[in-house]
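Below is one structure, written out as structure tokens; comments come after it.
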Amino acid sequence: MSLGAIPGTGPATSPLTVIRKIKQKTFADLPTDRTLVMGILNVTEDSFSDGGAYLQREAAIAQGLKLLYAGADIIDVGGESTRPGAVAVDPVLEQERILPVIEALVKAGAVVSVDTMHVDTARAAIAAGAHLINDVSGLTYEAGMPELIAHTGVPYVLMHRRGTAQNMVAKADYQDAAAEVLAELRALRDDFVARGVAPEQIILDPGLGFAKDAAHNWALLKNLKAFEDLGHRVLVGTSRKRFLGEVLAEGGAAREPLGRDAATLATTVLAAADGAWAVRVHDVQGSRDALKVVKAHGSH
């Protein structure tokens, strides 16, 4: 894609995209009358769906702008894959990957979320202009994260996960997935509040695919309202995940990630109908279209 064709960019006079500065948005500027769309931007080499595609800074910025102009309310930038079995990334390298991207997208008028489990990276990202921290570490969160979030006052996605990327598959053991995840996420929420994080800063994510198998994921999707009843906004992330590929399996083989967008749209509609605050997706345009239909249905 030619960068010259993207609104907000100019001639490439350097190795980096040139972006005209426009009015910067804040988290408070986000719409409140519909489910929001959080576009995924993986500045990584090994994410399950698009790992490596946007590892180079120029490609990452271009993709972020593409998501923005496709209608993403929030762009979620991550520099470390969190898929099962992913190799940990040093926070210094993580920051080298994402900080210039964050700065460029904020300058272009995007509301930026940062997908990180590291306190140092979260701190640097906030300083670079990030509006929201999306932490998938769950029950194994890094020491100092609650204090950083309390001190900065930024919104924070608190996600449920047992274990780490290396061992979370083995920890997907529940008698009642919805009830147990709800209880563990409530306890995690209480811990953050006790450490000074204001309740209104917290956004909950049940963590589909993180220490959950397909049956657990479906149980959580069916019980989203129970999470909303905890009194917080709820983020739902199903995009291109394995349990959708299993539904679409042919000949015993799960559908590949890039072929799961239509199934993802179906879960976007389900989540929005249940009042989800936002959905985290790869296909921004499709999700915005689906959400317009949900809104129209509700108004007739």
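The values are calculated or read from the model by the stated rules, or taken from the named source; none is laboratory data. Computed from a predicted model, the values in this text were never measured in an experiment. Cβ atoms come from the backbone with ideal geometry, glycine included; neighbour counts cover every protein chain shown. SASA here: full protein model, heavy atoms, side chains in, ligands and nucleic acids out. Shrake-Rupley method; radii C 1.70, N 1.55, O 1.52, S 1.80 Å.
Would you mind stating whether Thr35 is open to solvent by less than 30 Å² (accessible area, probe 1.4 Å), polar (S, T, N, Q), touching a helix residue (DSSP H, G or I) at 6+ places or on another chain (Cβ under 7 Å) and closer than 25 Å to Lys241 by Cα? Criteria met by Thr35. Within segment 135-150, the set of residues being under 18 Å from the mean Cα position of the chain (by Cα) and either in contact (Cβ under 8 Å) with a residue 60 or more places away in the chain or part of a loop (DSSP other than H, G, I, E, B) (or both) comprises Val136, Ser137, Gly138, Tyr141. The set of residues from segment 90-112 being surrounded by fewer than 20 Cβ atoms within 10 Å (Cβ to Cβ), assigned to a loop (DSSP other than H, G, I, E, B) and touching a helix residue (DSSP H, G or I) at 6+ places or on another chain (Cβ under 8 Å) comprises just one member, Gly109. Could you please let me know if Ala124 is in a helix (DSSP H, G or I), over 21 Å from Gly64 (Cα atoms), open to solvent by 20 Å² or more (accessible area, probe 1.4 Å) and modelled with pLDDT of 95 or more? No; evaluated as a whole, the condition is false for this residue.
Of all the numbered requirements in (1) at pLDDT 95 or above; (2) surrounded by fewer than 18 Cβ atoms within 10 Å (Cβ to Cβ), Gly252 misses one, and that requirement is (1). For segment 127-150: of the residues being within 13 Å of Arg195 (Cα to Cα) and touching a Gly at 6+ places or on another chain (Cβ under 8 Å), which is least open to solvent (accessible area, probe 1.4 Å)? In this case the residue turns out to be Pro146.
When Ala219, Ala253 are checked against the criterion of being more than 21 Å from Leu30 (Cβ to Cβ), among the hydrophobic types (A, V, I, L, M, F, W, C) and touching a residue at least 40 places away in the same chain (Cβ under 8 Å), Ala219 stands alone in meeting it. When segment 198-219 is limited to residues that are surrounded by fewer than 23 Cβ atoms within 10 Å (Cβ to Cβ) and among the hydrophobic types (A, V, I, L, M, F, W, C), the one that is nearest to Ala179 (Cα to Cα) turns out to be Ala219.
Within segment 265-285, restricting attention to residues that are aliphatic (A, V, I, L, M) and part of a helix (DSSP H, G or I), the residue that is farthest from the chain's Cα centre (by Cα) is Ala273.
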